[in-house]
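A.B. asks: Below you'll find the structure I mean.
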Amino acid sequence: MRQIPFLIGTYTDTESLGIHRAMFYPHDGSIGIPNLFYEIEEPKFLVYQKGQILSTIRKDDTAGITLLDINMTQPLIVCRDCVYHDKKTACYITRKDNIIVSAGYHEGTVHIYEFTKGALELRHTFSYGEHAKCHQVFFHKNYLFVVCLGLDEIKILDENAGFQEIDTIRFPKGTGPRQAVHDRTGTFLYVLSELSNEVFTFRNVKNTNYQGVQINTVLPFDAKKENASAAICIHKDGRHLYTTTRGSNIITVFEIERGLLKPVQFIECGGDHPREMKLDPTAGFLLVANRYSHNIVSFRLDTSGLICEQCSEINVPQPCHIEFM
């Protein structure tokens with residue numbers, strides 16, 4: 001029976017002691033009982049790559065990131081390095097080869113590290129102010145995108161020019177862009193807004209020139225609660241996109257046709273406060289981490305990309321990130 005391990009990032013201000021690990025079984029969508037994998041404070045976001053885990057970390061009154069080496073045959077976990085450059089933990093980390101970038105929501109900072117000679121070396125720091133609320137960083141080709149929820153913009157930095165800011169994607173005031181994802185060709189960029197609960201669709205005209213082509217709400221017409229959209233992901237088939245929204249506690253499913261979105265399903269997330277979600281490696285299931293109800297739920301997707309049933313549920317204290325290994 002095939003099993004796929006995955007890591008769970010958590011908030012550690014209540015019962016959690018750090019990073020948890022569980023098994024996912026793609027034959028039926030079930031999830032095994034999670035276990036504490038590595039004791040660490042505030043592993044809110046994780047990146048697994050090349051047998052290594054990058055994690056946010058807090059220690060006393062400082063916060064930063066740590067790099068862990070994983071030997072799965074032992075199993076053995078070795079801390080390669082820890083760096084502390086903030087007071088509060090970052091909410092997002094991305095990695096491109098030996099370049100590692102963290103986004104600080106609370107302090108509005110972006111740190112760029114290079115993993116060299118067995119250590120994390122700080123190369124650049126960009127401070128946009130606490131009001132910037134930098135929520136996500138990700139690479140597309142040689143460009144680094146910085147999603148600034150508080151500034152209502154995405155800054156685009158050129159890696160080949162020392163991460164100089166070369167362009168900006170702007171949003172209406174009060175939109176609150178939170179997470180973004182490109183389609184597999186890089187032609188379209190989909191941006192989920194936390195405050196306006198919308199998905200903005202942009203077409204990449206050339207290089208960093210993005211033109212807005214569509215705006216869709218992620219809410220059903222009868223939504224009445226105060227809502228805060230959280231996560232976005234795109235199916236590897238390129239024909240479906242998913243978002244989560246806290247408040248209404250829903251997953252919204254969109255069909256993609258020629259780059260444009262059409263909402264086709266609104267479904268309950270199986271808990272309270274869907275902080276994050278992830279498609280499993282087979283792309284047949286969607287896993288959702290519900291922070292306030294302390295659970296992770298798996299949903300089966302049918303051949304049309306719709307969510308057809310809830311398959312499994314596990315209890316984890318304040319889960320906020322899912323990372324398949």
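A.B. asks: Kindly indicate which of ARG275, ARG239, ARG246 is of a type in the set (D, E, K, R) and over 20 Å from GLY176 (Cβ atoms). Quick ask: steps written out before the conclusion?
C.D. replies: Numbers: ARG275 fails: over 20 Å from GLY176 (Cβ atoms); ARG246 fails: over 20 Å from GLY176 (Cβ atoms).
On inspection, the qualifying residue turns out to be ARG239.
A.B. asks: Return only the number of the condition from (1) in a strand (DSSP E or B); (2) among the acidic types (Asp, Glu); (3) out of contact with any Ser or Thr (no Cβ under 8 Å at 6 or more places or on another chain) that GLU276 does not satisfy.
C.D. replies: (3)
A.B. asks: Next up: So, in the range 142-163, of the ones that are part of a loop (DSSP other than H, G, I, E, B) and within 18 Å of the chain's Cα centre (by Cα), which residue ends up surrounded by the most Cβ atoms within 10 Å (Cβ to Cβ)?
C.D. replies: If we take residues in the range 142-163 being part of a loop (DSSP other than H, G, I, E, B) and within 18 Å of the chain's Cα centre (by Cα), then LEU149 is surrounded by the most Cβ atoms within 10 Å (Cβ to Cβ).
A.B. asks: Kindly list the number of the only condition in (1) out of contact with any strand residue (DSSP E or B) (no Cβ under 6 Å at 6 or more places or on another chain); (2) surrounded by fewer than 16 Cβ atoms within 10 Å (Cβ to Cβ) that fails for ALA119.
C.D. replies: (1)
A.B. asks: How many residues does the range 1-36 contain that are part of a loop (DSSP other than H, G, I, E, B) and aliphatic (A, V, I, L, M)?
C.D. replies: The number of residues fulfilling the criteria is 3.
A.B. asks: Can you tell which of ALA230, ALA223 is surrounded by 15 or more Cβ atoms within 10 Å (Cβ to Cβ) and part of a loop (DSSP other than H, G, I, E, B)?
C.D. replies: On inspection, the qualifying residue turns out to be ALA223.
A.B. asks: One residue is enough: does the range 16-30 have a residue meeting the conditions closer than 25 Å to GLN310 by Cα and surrounded by fewer than 14 Cβ atoms within 10 Å (Cβ to Cβ)?
C.D. replies: Scanning the range 16-30 turns up at least one residue that is closer than 25 Å to GLN310 by Cα and surrounded by fewer than 14 Cβ atoms within 10 Å (Cβ to Cβ).
A.B. asks: Turning to a different aspect of this structure: Here are ILE169, ILE112: which of them is of a type in the set (A, V, I, L, M), over 26 Å from ASP81 (Cβ atoms) and without any contact (Cβ under 8 Å) to a residue 60 or more places away in the chain?
C.D. replies: None of the other options fit; the residue is ILE169.
A.B. asks: Still on this structure, I have one more. For the range 22-49, which residues satisfy the criterion of being touching a Pro at 6+ places or on another chain (Cβ under 7 Å) and touching a residue at least 40 places away in the same chain (Cβ under 8 Å)?
C.D. replies: Taking the range 22-49 and keeping what is touching a Pro at 6+ places or on another chain (Cβ under 7 Å), we get 22-23.
Matches in the range 22-49: ALA22 only.
A.B. asks: Could you give me the residue pairs with C-beta distances under 7 Å whose first residue belongs to the range 1-15 and is farther than 20 Å from LEU54 by Cβ, whose second residue is part of a strand (DSSP E or B) and small (Gly, Ala, Ser) wherever it lies, and which are 6+ apart or on separate chains?
C.D. replies: Close Cβ pairs (under 7 Å, with a partner that is part of a strand (DSSP E or B) and small (Gly, Ala, Ser)) do not exist here.
A.B. asks: Continuing with this model, one more query. Of the residues THR109, THR125, which single one is loosely packed, with under 15 Cβ neighbours inside 10 Å, β-branched (Val, Ile, Thr), over 18 Å from VAL191 (Cβ atoms) and at pLDDT 95 or above?
C.D. replies: Numbers: THR109 fails: loosely packed, with under 15 Cβ neighbours inside 10 Å.
Result of the check over THR109, THR125: THR125.
A.B. asks: Taking the range 169-195 as the search range and keeping residues that are under 19 Å from the mean Cα position of the chain (by Cα) and part of a loop (DSSP other than H, G, I, E, B), which one is surrounded by the most Cβ atoms within 10 Å (Cβ to Cβ)?
C.D. replies: So the residue we want is GLY176.
A.B. asks: Give the range 281-293 a look and list any residue that's buried (at least 20 other Cβ atoms within 10 Å of the Cβ) and touching a residue at least 60 places away in the same chain (Cβ under 8 Å), or say none.
C.D. replies: Residues satisfying the conditions are PHE285, LEU287, ALA289, ARG291.
A.B. asks: Of the residues in the range 37-61, how many are in a strand (DSSP E or B) and loosely packed, with under 14 Cβ neighbours inside 10 Å?
C.D. replies: Here the count works out to 3.
A.B. asks: Within the bounds of the range 299-310, is there any residue that is among the aliphatic types (A, V, I, L, M), in contact with a Pro (Cβ under 8 Å, 6 or more places away or on another chain), assigned to a strand (DSSP E or B) and surrounded by 14 or more Cβ atoms within 10 Å (Cβ to Cβ)?
C.D. replies: There is no residue in the range 299-310 that is among the aliphatic types (A, V, I, L, M), in contact with a Pro (Cβ under 8 Å, 6 or more places away or on another chain), assigned to a strand (DSSP E or B) and surrounded by 14 or more Cβ atoms within 10 Å (Cβ to Cβ).
A.B. asks: Looking at the range 62-105, which of its residues are part of a loop (DSSP other than H, G, I, E, B) and touching an Asp or Glu at 6+ places or on another chain (Cβ under 7 Å)?
C.D. replies: LYS87, LYS88, THR89, ASN98
A.B. asks: Which residue pairs have Cβ atoms closer than 6 Å, lie 6 or more positions apart in sequence or on different chains, and pair a first residue in the range 207-226 that is touching a residue at least 60 places away in the same chain (Cβ under 8 Å) with a second residue that is in a strand (DSSP E or B) and surrounded by 17 or more Cβ atoms within 10 Å (Cβ to Cβ)?
C.D. replies: THR208/ILE156
The values are calculated or read from the model by the stated rules, or taken from the named source; none is laboratory data. Everything numeric here is computed off the predicted structure, so don't read it as measured data. Positions of Cβ are backbone-derived with ideal geometry, glycine not excepted, and every protein chain shown enters the neighbour counts.
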